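Each remark here refers to the structure printed beneath this line.
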Amino acid sequence: MKINNLAGVKFGRLTAIGIAFRKNGAIHWQCKCDCGNEPAVRGRDLTSGDTRSCGCLRRDVAREMSIRKYRKRLFRYTDEATEFLNDN
């Protein structure tokens, strides 16, 4: 079986460093994430785009969505309060 050398290739936030281990015929690559974590990721997940970070991407997206939701709610309440004060 031919192994594609992924060392040094960047996949999203992950950069493949070297082969970590084999499990059930699948090669897992040791990677370095932009946030500093070093997960071992199955090569097929890297090349298909299924894995793009150590989990920090999901956390960052969730944080951003939460902030947007909070800001939207805050502005809605601020607008309602302004209308109420202007009516009186």
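What the table below lists for this structure:
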{"item": "Condition met for Cys35 (part of a loop (DSSP other than H, G, I, E, B), out of contact with any strand residue (DSSP E or B) (no Cβ under 9 Å at 6 or more places or on another chain) and in contact (Cβ under 8 Å) with a residue 12 or more places away in the chain)", "result": "yes"}
{"item": "In segment 60-88, the residues that are modelled with pLDDT under 70 and among the polar types (S, T, N, Q)", "result": "Thr78, Thr82, Asn88"}
{"item": "Filtered residue count, segment 38-56, keeping only those that are within 13 Å of Ile17 (Cα to Cα) and either in a loop (DSSP other than H, G, I, E, B) or in contact (Cβ under 8 Å) with a residue 60 or more places away in the chain (or both)", "result": "2"}
{"item": "Selection within segment 31-75 - surrounded by 13 or more Cβ atoms within 10 Å (Cβ to Cβ) and in contact with a helix residue (DSSP H, G or I) (Cβ under 9 Å, 6 or more places away or on another chain)", "result": "Cys31, Cys33, Asp34, Cys35, Asn37, Thr51, Arg52, Ser53"}
{"item": "Output for segment 1-32, where each listed residue is closer than 14 Å to Gly49 by Cα and part of a loop (DSSP other than H, G, I, E, B)", "result": "Leu6, Val9, Gly12, Arg13"}
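The values are calculated or read from the model by the stated rules, or taken from the named source; none is laboratory data. Note that this is a predicted model, so its numbers are computed, not measured. Because the Cβ atoms are built from the backbone with ideal geometry, glycine has one as well, and the counts that use them run over all protein chains shown.
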